[in-house]
Amino acid sequence: MKEKTIFQELASDKKYIIILSIFTFFFLFFTSKMSPLYPINEWSDINVYFNIGKAAMEGRTLYTESFDHKGPLIFIIYGIGYLISNSTFLGVFIIELIGWLILIYTIFLTARIYLQREFSFIISLIVPAFLIKYTHTGGSAEEFILIMSVVSLYFFYRFFMDENTTVHNPKYMFLHGILFSMVFFIKLNLVIFWVFPILGILICILIHKEYKNLLHNILSFILGVFVIAVPICLYLYINNALTEAFNVYILLNMKYGSPLSASDTMNHTFMRTYSFFRNDIVGFIIMSIGALYFPIKHIKNKIGKVSMILCALSLFFILFTPRTFHFYYPLSFYIFIIPGLISISLFIKRYVYISYSGKLLCLFATLALLVGISSKNFFGLGGYEITRQIDPNSPEFQFSRIIETEKNPTLLNLGSGYGNSIFTICNITPNVKYFLTPNIYYNMYPQMRDEQTKYIENKEVDFIVVDNFSFNYQHFRNLQAFKENYILMDTFVNKRIVFGDEFSTYYLYRKR
């Protein structure tokens, strides 16, 4: 019997897919600040991506003319969003929505490998409620990577579910190669998710002496990697940025995430795991079931069992042991909520039977949507702010009103936080390489602060934003050229509990 295509599988369950599609749109519309519902997504990271993507689309070369230590593909994604909408995140929201539709469809298909449609549908509604605990305001690199990981997870389970599988379809390995490469060029350490399952598939083929199929799969994976890697490397090479990209994206990130001593690593890992457990006890238990119990109980292929357990353990190690850790990092591990919920559903279905009812499915979807909306609570914004009758009380809007009085203004943000979103609100195209300031210590990368000092000495930018929590605040505050060349225009004391810097003070300076 000919194997069904993905589209055929989705078409055969179109009633469920239609409801899931409507649910996904409204869920994201209310729970992501990329949505046009909200005036701005002020999260520092996504404004870095958007404005470096903007700079790239305006002709400034990544890494040599606009700096950040993230992978080039995330800037390309946001750059495409910029082409759709220059000063809002509408374009990125459209991309995010497409990604989430793929995510929800794939969750449904993954559950369908083991469960009837009704249980699979419910799992597809439950998973997003767990994910938004760590999606924050939406649009993170980890969010896009999670989507790619879930797609591969589906194909891994399809292969490993049969104990006697001897060959692997090379077209799926080609897809794994593409996804692997995309993640490599967004956040390279998270490619660890693919390592053990891919090796497991190749070992299975090798054991069964299917040498021709083995060769085809290896070549297909390499070809998939090249589909993404070649255009990116070619762009960097043509623009003489390949060396700088390697120095920043590879070497600087190795330094940024360099390992601690054994005792510190154990202590940090324990504390992060404990915090993770406390923040989401139910999710932690379900993920543990998905990461460890599910492969043992429900994956028939013995090599698959080992591969998927090693996949989970290695991903956990990569996420929780490095020197640097941010609150949204665990999002990548939430992929194992899917097999965890499948395991629980396989147990429940022994005692509970759910039959198809359109009204009941719509009720479940509505309840899941309300849970998501309640969880985010419109990000604390009032009705007047949502309807744009007043601006949110925040530094980016207060400072933007001053900056927009200047024709074609230029801006330098000497901190992180809210200052990055001013570039987005005012649609400012960067004019210097280090126009944003990622949280990197001076001893790790002195070039950034040194060059920013020169910008100030040479009066290369019209406006400067800095906050008293930024790494280099004291340096610039005491810099004589700063005092001589720039005058304080406005101050904002931040009292919002959003990023943990609720008592920080933001300052806007203008060139004399």
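The values are calculated or read from the model by the stated rules, or taken from the named source; none is laboratory data. Worth saying up front: this structure is predicted, and the values here are computed from it rather than measured. Reconstructed Cβ throughout: ideal geometry from the backbone, glycine too, with neighbour counts over all protein chains shown. Please note that ligands, DNA and RNA were not included when accessible areas were found on the heavy atoms of the full protein model with its side chains. Shrake-Rupley method; radii C 1.70, N 1.55, O 1.52, S 1.80 Å.
A few remarks follow.
- Each residue, residue 25 and residue 218, gets one label point 7 Å from its Cα in the Cβ direction; the gap between the two is 4.8 nm.
- Amide H within-cut-off set for residue 489, under 5 Å, with H built and near neighbours excluded: 508, 509, 510
- If you take all other residues with their beta carbon under 12 Å from the beta carbon of residue 460, and give Lys and Arg +1 and Asp and Glu -1, the sum is +1.
- Nearest-ten-degree value, helix 192-207 long axis tilted from longest Cα axis of the chain: 30
- Helix content alone sets the calculated 222 nm mean residue ellipticity of the chain: runs of n ≥ 4 DSSP H residues at -39500 (n - 2.57) each, divided across all residues, give -18500 deg cm²/dmol.
- Highest average packing first - 445-451, 332-338, 162-168, 197-203, Cβ atoms within 10 Å: 332-338, 197-203, 445-451, 162-168
- Derived scalar couplings between HN and Hα for the range 9-15 equal 5, 5, 5, 5, 10, 4, 4 Hz in order, rounded to whole Hz, by the Karplus curve 6.51 cos²θ - 1.76 cosθ + 1.60 (θ = phi - 60°), x for Gly and Pro.
- Counting every pair of alpha carbons in the range 384-512, the share spaced more than 25 Å apart comes to 21 percent.
- Loop trypsin sites (Lys or Arg not before Pro), the range 124-224, which have at most 10 other Cβ atoms in a 10 Å radius of their Cβ (DSSP): 209
- Measuring between alpha carbons in the structure, the pairs from 33/54; 297/376; 14/297; 15/302 lying more than 24 angstrom apart are 297/376; 14/297; 15/302.
- Within the accessible area of the range 1-138 (1.4 Å probe), percent carbon and sulfur: 66
- Solvent accessible area, Å² - residue 34, 1.4 Å probe, full protein context: 0
- The range 100-195: relative contact order as a whole-number percent, Cα under 8 Å and 6+ apart: 28
- Applying a DSSP loop filter and a limit of 14 other Cβ atoms within 10 Å to the chymotrypsin sites (Phe, Trp or Tyr not before Pro) in the range 172-276 leaves nothing.
- Net charge, residue 92 excluded, C-beta distance under 12 Å - Lys, Arg +1, Asp, Glu -1: 0
- Considering only beta bridges that DSSP places wholly inside the chain, some 75 percent are antiparallel.
- Student exercise, the range 38-165 dipole from Lys, Arg, Asp, Glu Cβ charges, in Debye to nearest 20: 200
- Furthest towards positive pole of dipole, 186, 11, 97, structure part the chain, Cβ charges: 11
- For the chain, the longest principal axis of the C-alpha atoms and the axis of helix 117-131 are separated by about 30°.
- Full extension of the chain between residue 511 and residue 355 gives 49.3 nm of extra length, using 0.36 nm per residue less the Cα-Cα distance.
- Compared with the dominant principal axis of the Cα atoms in the chain, helix 358-376 is inclined by about 30°.
- Ordering of 51-64, 384-397 by packing [mean C-beta count within 10 Å, highest first]: 51-64, 384-397
- Per-atom-type breakdown for the range 340-494 gives carbon and sulfur 53% of the accessible area (1.4 Å probe, protein chains only).
- Virtual spin-label span in nm between residue 233 and residue 296, 7 Å along Cα→Cβ: 4.2
- Cα-Cα over 23 Å, subset of 454/511; 433/459; 70/407; 70/433; 433/495: 70/407; 433/495
- Its Cα gyration tensor gives the chain an equivalent ellipsoid, and the semi-axes of that ellipsoid, as √(5λ) in whole Å with the largest first, are 42, 27, 21.
- Residues in the chain average 44 Å² of solvent-accessible surface per residue, probe 1.4 Å, ligands and nucleic acids excluded.
- Dipole check for the range 380-501: with +1 at the C-beta of Lys and Arg, -1 at the C-beta of Asp and Glu, and the Cα centre as origin, the magnitude is about 100 Debye.
- Among the protein heavy atoms of the range 222-303, carbon and sulfur supply 72% of the accessible surface, probe 1.4 Å, non-protein parts ignored.
- Estimated dipole of the chain in Debye, rounded to 20 [Cβ of Lys and Arg +1, of Asp and Glu -1, Cα centre]: 1300
- Rounded accessible area of residue 216 (nearest 10 Å², 1.4 Å probe): 80
- The modelled label-to-label distance for the pair residue 273/residue 7, using points 7 Å beyond Cα in the direction of Cβ, is 4.6 nm.
- Fraction of the pair-distance distribution of the range 86-168 above 21 Å, Cα-Cα pairs, percent: 38
- The range 376-426 versus the range 120-146: alpha-carbon centroid distance in Å: 26
- For the range 206-302, the equivalent ellipsoid derived from the Cα gyration tensor has semi-axes of 35, 30, 13 Å, listed largest first.
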